[in-house]
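**Student:** The structure is given below, and queries will be raised subsequently.
The values are calculated or read from the model by the stated rules, or taken from the named source; none is laboratory data. This structure is a prediction, so every number in the text was calculated from the model and none was measured. Methodologically, a virtual Cβ is constructed for each residue, glycine included, from the backbone with ideal geometry; neighbour enumeration extends over all protein chains shown. Calculation scope for accessible area: heavy atoms of the full protein, side chains included, ligands and nucleic acids excluded. Shrake-Rupley method; radii C 1.70, N 1.55, O 1.52, S 1.80 Å.
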Amino acid sequence: MEERKLELVRKLSQIGIQKDPQWVERLDEPAPLWVVLELIVEMMERRDSPHQPFD
């Protein structure tokens, strides 16, 4: 497996987005559009969270 892909999974795990450990085995499979969109929405909600400090 490419190191670039493994690093991506590590980063997603650190920020709590990657929740399925089987992702590592399926990184080259196409993802349905709804999965990609759900991840984007989750990232946007985390970025705009009201519980984040202003600085």
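**Student:** Tally the residues that are modelled with pLDDT under 80, surrounded by fewer than 10 Cβ atoms within 10 Å (Cβ to Cβ) and over 18 Å from ARG46 (Cα atoms), restricting the search to the range 1-21.
**Tutor:** Looking only at that region, the number is 2.
**Student:** A further question on this structure: I need the full set of residues from the range 1-30 which are among the basic types (Lys, Arg) and not in a helix (DSSP H, G or I), in order please.
**Tutor:** LYS19
**Student:** Looking for whichever is modelled with pLDDT of 75 or more, more than 20 Å from GLU2 (Cα to Cα) and open to solvent by 90 Å² or more (accessible area, probe 1.4 Å) here; the options are LEU33, LEU39. Which one fits? Before you say what the answer is, go through the steps one by one.
**Tutor:** Numbers: LEU39 fails: open to solvent by 90 Å² or more (accessible area, probe 1.4 Å).
One residue alone meets the criteria, LEU33.
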